[in-house]
Structure formats: C-alpha cells, structure tokens
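Enquirer: I have a structure I would like to understand better, so I am pasting it below and will then ask my questions one at a time.
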Amino acid sequence: MTAPRLPVAALALLLAAFPSRAATAQAAPPAKLAASIRRLFGPGARVDTLRVDSAAVLRLSRGDSLLGFAEVGNVIGKDQPITFLVAVDPADRLKDVDILVYREPYGGEVAYEPWRRQFRGKTAADPIAVGRDIRSISGATISVQAVTAGVRRILADLTAWHQRGAIR
Amino acid sequence: MVPRRLSLIVVCLPAFLAAQERTTVGGYGEIHYTNRSGPNSPGQVNLTRFVLYLAHTFDDRLAFRSELEVEDAKLESGEPGGEVALEQAYLDYRLSEYLTLRSGLVLPPVGIINETHEPPTFNGVDRPAFDRDVIPTTWREIGVGAVGSVPAVAGLGYRLYLVNGLKAEGFSAEQGIREGRQEGKEASFANPSLTGRLEWARPGLKVGGSFWYGGTANQDSVLGKGTFAAPVTLVSADARYEVGGIMFRGVVARISVSDAQAIDARYGGTVGSRIAGGYVEAAYNLLRPLAPASSQRLYAFVRHERYDTQASVPVGIAKNDSLARRITTIGLSYKPTYNTVFKGDYQLLRNKARVGEAEVLSLGLGYQF
C-alpha cells in the first residue's frame, strides 16, 4: 500500500510550499522542497503538514518514530524574497538550513554549504547573530543578515510550538 | 479523496506560482565634514552622495535594477561640483543560479569598492584614494554579460561583461584612467572591452581576482583604428577576512597603458605607462570584548595605501615623484546597525617627493537600506 502514500506526501509538500506569513510569501518549487526534505531526512520519510497559527509546519516521520520538523520561510534581501527551509530534529536542534530559491544578483553566497553549515546543531538558546556565532560574508551582508534573522525566528517558533505541544 | 484534493491544488497551482510583480525602493548616502587645513581654519561639510535604488521584478526571471545618484547635494549651472548620474541601470535575465544574463549600465567588477560601495560597508569617511586614482570608482559602462556561480565549485562565483571601452583622451598623470570612463553618456563603442571577475567565498573570507582589457584609441587617426588600439590591461586581486572581531582587507592592482607614449604625444599629457599600487587595512571591533552581546559595532581601523599613477613612464616623460602616494588613515566606525554608520578618521597624505603633503580630519555618516 505504498501507492496512496505518495500523493499524500506530494500534497503535504505542495501545501507547505506556500508558506505562512503571507506578507512576503513566495512559493518554493515543490521538486526543490522534496529534494531538500529527502536530503535532510532520508528517502521515504512520511511528510505531514501541520497548521500552527498561520504557519505550515512539515512533520517528518518514519514508522512510529518522529524524525523532526521543517518550515519554509521567506525573508527580503535587497529587494527579492529569499526562500529557505529550516529543519530541526526531535530534540529541537537545528539540522540544517537550505536555500530553496535565491533571486538576487548579489549575495547568493548564503546558499553555499560552508556558510549554511554554521547553523547546524544550534538551538533556540543560541544567539544566532551575525558577528557572534554566525560569520558574515563580505559583499553579501544584507542577505546574510536577512537569512540569519529568518532562521533565528523560525527555530524559535518551532521550538516553542514543539515544547507546548502545538506540534508533536 | 486524496486525488480530488490533489487535483484542486494542482488547479490552483499556476496562480500561486506566478511571480508577483514588485517594485522596490532603497538607497544609500553619506554626509561628510572635512578639514584639510588644521584647527585654525574652518572645515567643509558636504552632502557627498544621495543615491536612490529603484528595482522592479517583472517575473521569476526578469528584473530591472538601477541607482540614481545626486552628488554634492545640488547642481547649478556655472557652478563647479554637483552631479546627477545613473550609477547602474540594467536588466537581469536569470536562467539559473549558474547563469544570469545582464545588459545595461553595469559596474565593472574590479576590486572591492566598485561593486560594494555603500558607506556602511567600508571604513573611513572617504573611499580609499586608491579607489579613486587607480581603480576609478564608481566605474560604470554600458554592455552585456553574464553572472553566476561556477557549478561544482562551492563558493566560486564569476562575472564577465563586454562593455564600451575607455577613452585615452581623458587619461591623466594624477588619476590614471579615471577620466577615460564614459559612464553611459553617449559613449563611443569603438573599443568594446572585456572585464570580469572570479571570487571565492567562505564564512568570513572572500578573495577575488579581476581584469579589464580593451582599446582606448576611439578611432583616433594617430592612436589607431583597431578595436584594441592603445590597449589598457588591468589586473587586480583582493581579499577580505573577518575573524573574532578583527577584519582585514587588501587590494592590489596593476594597470598597463602600453601605448602611453603615443597617448602622451597625442594629448600632451604625462600619463604613466604603468599605474600600480594597493592598500591593506586592519580593523578591530572594540565592542566585542566590551559588550559581547551587542549587535552594535565600533571599529578602530588603520589603512595604509601605496600607489603610483606613474609607476613607469614612457621614454621622454619625466617621472613626478609626488604621484607616488603613501596615505595612512586611522579612524573609528561606529555602526549602531549593520546598515548605518558614523565615521571619523585622520589621514596623513604623503608622497615620495614630499610636496603638497597634508593631514586631513574627516567626520561622516552613512546609511543604506
């Protein structure tokens, strides 16, 4: 009975691809989002979409075990939205940040793995601030500041929701 | 049940995925106080730059971006100073992260300041003098090109443009190729020129290499009719590094004006055949030990520039040692936010001939958004 599961996963991804926080909402391409989820949580993870406040949170599981949560966010760089994914493990530690769509001519360095890697293992108790525990990239300051603030906000939300049982 | 919901979503999808057209306004600017003459005489205040950034996104691929600048607050006929100019105006067509096609008035991607010139991004009230006399910022020309990241090499980006060339007629001994720029104003396309850059980024680190190559003769009967007649070759390397509250940056450049002799003969100048130099700068965020939790910054910095616009001169031209400049700047940059800054610095303007040396006190504020 794997056949019905696929459409469900696809549906969940499609829903989550239209993120929350509508002011700057930009769609994430479903294929890109699916690839990111697969990379972070392994192939065949079950994806459910949970609605919390106005946000869409992806719940990732395999069998009875929770793999973690993820949320798509948007921040404005110089003039375009930057669409990114924040994934956490069941202990509310940040697994990784993925840049799903970068639309600006400068500052694309935030998508580079060596920069994103700095977020791994962070918790809501960490400062997650440029110049403190996150290093900047010259010439990409605006995007670095925007994405860092966006990751900090989403990690704080996911952690708070998880701890009060709004997502589980 | 699921298929029905899915199909509903699929029907809605195109509307959701259609890119939103949007117009963005931004800007940057700086106001300076300069005292070149010591405490016994008045200084000067100037609204050095006021720049409006205007961009429009047409769809997922196509965007327009521009910067319109007013220099020195106003411009009045018959009075010196003041300028209204477009610094950038181009269309970007994004094919992928590896390739965006760009056409219009673009910034040659040379050095650090030419592309990243917003006042909160650099220390010192004025841009480094090197970025005026050697790399002629803000350098902009009209052309077409490509920008993107290099596939399979994390952190490596490129830009490559074909733009209108420089005009040798404007070259000078003091400011090298600076007044050879055409800046998008009825520019001659007699000498299409190539310019480009490779840069590599890591957290805290960026290193880059840039070049410009092109003729400058503008079909002058003496200098030559060819596309690459009276060529100028510029190569430059730069690095920026940040670690634990310390910032370093440095740029070097070398410009060869291989037909300087003919250019000097034609226009009666004393343009160097080689223009070369660079600077190094170190800065430390004093708030890091004092207020580690603060997002504000207070940088103390020192910069040393050495450059010579007559590093070599053609046969028959006497070298002017006052053009071998040595400029030391020490100062503070206070940044309440990453995109606002209050600056102060003291400059020692020296040269090899020890002629016309000066000390300059400057204060300034800058912003970008």
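Enquirer: Restricting to the range B:90-113, name every residue that is of a type in the set (Gly, Ala, Ser), within 24 Å of B:Leu234 (Cα to Cα) and assigned to a strand (DSSP E or B).
Expert: B:Ser103, B:Gly104
Enquirer: Oh, and also: I'm trying to understand the selection: among the residues of the range B:132-144, which are in a helix (DSSP H, G or I) and either without any contact (Cβ under 8 Å) to a residue 24 or more places away in the chain or of a type in the set (Lys, Arg) (or both)?
Expert: B:Arg132
Enquirer: Checking the structure you have, find out if any residue of the range B:157-175 is assigned to a loop (DSSP other than H, G, I, E, B) and within 14 Å of chain A (Cβ to nearest Cβ).
Expert: no
Enquirer: Considering (1) free of Cβ contacts under 8 Å to residues at least 12 places away in the same chain; (2) under 26 Å from B:Trp139 (Cβ atoms), say which one B:Tyr90 fails and leave the rest.
Expert: Unmet for B:Tyr90, out of (1) free of Cβ contacts under 8 Å to residues at least 12 places away in the same chain; (2) under 26 Å from B:Trp139 (Cβ atoms): (1).
Enquirer: Do we find a residue being crowded, with 16+ Cβ neighbours inside 10 Å, at pLDDT 95 or above and aromatic (Phe, Trp, Tyr) anywhere in the range B:344-361?
Expert: no
Enquirer: Is it the case that some residue within the range B:73-85 is farther than 30 Å from B:Leu348 by Cα and surrounded by 15 or more Cβ atoms within 10 Å (Cβ to Cβ)?
Expert: yes
Enquirer: Out of B:Ser103, B:Ser96, report the one residue that is within 14 Å of chain A (Cβ to nearest Cβ) and modelled with pLDDT under 95.
Expert: The unique qualifying residue is B:Ser96.
Enquirer: Tell me, yes or no, whether the range B:190-199 has at least one residue that is over 24 Å from B:Gly269 (Cβ atoms), touching a Phe, Trp or Tyr at 6+ places or on another chain (Cβ under 9 Å), hydrophobic (A, V, I, L, M, F, W, C) and within 13 Å of chain A (Cβ to nearest Cβ).
Expert: No: the range B:190-199 contains no residue that is over 24 Å from B:Gly269 (Cβ atoms), touching a Phe, Trp or Tyr at 6+ places or on another chain (Cβ under 9 Å), hydrophobic (A, V, I, L, M, F, W, C) and within 13 Å of chain A (Cβ to nearest Cβ).
Enquirer: Being buried (at least 21 other Cβ atoms within 10 Å of the Cβ) and part of a strand (DSSP E or B) is the filter here, so list the residues in the range B:302-324 that pass it.
Expert: Hits for the range B:302-324 are B:Arg303, B:Glu305, B:Tyr307, B:Asp308, B:Thr309, B:Gln310.
Enquirer: Between A:Phe84, A:Phe69, which is under 27 Å from B:Ser294 (Cα atoms) and aromatic (Phe, Trp, Tyr)?
Expert: Within the list A:Phe84, A:Phe69, the selection yields A:Phe84.
Enquirer: State the number of residues belonging to the range B:320-356 that are touching a Ser or Thr at 6+ places or on another chain (Cβ under 9 Å) and more than 24 Å from A:Ser138 (Cα to Cα).
Expert: The total comes to 15.
Enquirer: Please work out if B:Gly124 is under 20 Å from B:Arg306 (Cβ atoms) and more than 10 Å from chain A (Cβ to nearest Cβ).
Expert: In short, yes.
Enquirer: Considering only the range B:231-242, I want to know if a residue exists there that is free of Cβ contacts under 8 Å to residues at least 40 places away in the same chain, buried (at least 21 other Cβ atoms within 10 Å of the Cβ), over 25 Å from B:Val341 (Cβ atoms) and not aromatic (Phe, Trp, Tyr).
Expert: Among the residues of the range B:231-242, at least one is free of Cβ contacts under 8 Å to residues at least 40 places away in the same chain, buried (at least 21 other Cβ atoms within 10 Å of the Cβ), over 25 Å from B:Val341 (Cβ atoms) and not aromatic (Phe, Trp, Tyr), which makes the answer yes.
Enquirer: If you don't mind, there's one more thing I want to ask. Considering only residues of the range B:54-67 that are within 25 Å of the chain's Cα centre (by Cα), of a type outside the set (Asp, Glu) and within 16 Å of B:Arg102 (Cβ to Cβ), which is nearest to the other protein chains (Cβ to nearest Cβ)?
Expert: Here the residue is B:Ala55.
Enquirer: List the residue pairs whose Cβ atoms are under 6 Å apart, where the first residue sits in the range B:341-369 and is within 11 Å of B:Thr329 (Cβ to Cβ), the second is surrounded by fewer than 18 Cβ atoms within 10 Å (Cβ to Cβ) and of a type in the set (Val, Ile, Thr), and the two are 6 or more positions apart or on different chains.
Expert: If the second residue must be surrounded by fewer than 18 Cβ atoms within 10 Å (Cβ to Cβ) and of a type in the set (Val, Ile, Thr), the pairs left are B:Tyr346/B:Ile330; B:Leu348/B:Thr328.
Enquirer: Would you mind finding the one in B:Phe58, B:Phe64, B:Phe16 that is within 21 Å of A:Val101 (Cβ to Cβ), modelled with pLDDT of 95 or more and surrounded by fewer than 16 Cβ atoms within 10 Å (Cβ to Cβ)?
Expert: B:Phe64
Enquirer: Same structure again: Starting from the range B:324-339, keep only residues that are free of Cβ contacts under 8 Å to residues at least 40 places away in the same chain, then list their pairs with residues that are crowded, with 18+ Cβ neighbours inside 10 Å and among the β-branched types (Val, Ile, Thr) whose Cβ atoms are within a distance under 8 Å, requiring at least 6 positions of separation or different chains.
Expert: That search, which allows pairs on different chains as well, returns B:Tyr334/B:Val341.
Enquirer: For the range B:33-88, what are the residues that are among the aliphatic types (A, V, I, L, M) and farther than 30 Å from A:Thr83 by Cα?
Expert: B:Val45, B:Leu47, B:Val70, B:Ala73, B:Leu75, B:Val84, B:Ala85, B:Leu86 - these are the residues of the range B:33-88 that are among the aliphatic types (A, V, I, L, M) and farther than 30 Å from A:Thr83 by Cα.
Enquirer: So which of B:Glu30, B:Glu67 ends up being in contact with a helix residue (DSSP H, G or I) (Cβ under 7 Å, 6 or more places away or on another chain) and assigned to a strand (DSSP E or B)?
Expert: B:Glu30
The values are calculated or read from the model by the stated rules, or taken from the named source; none is laboratory data. Just so it is clear, the structure is predicted and the values come from calculations on it, not from any experiment. Heads up, the Cβs are rebuilt from the backbone with ideal geometry, glycines too, and the neighbour counts pull from every protein chain shown.
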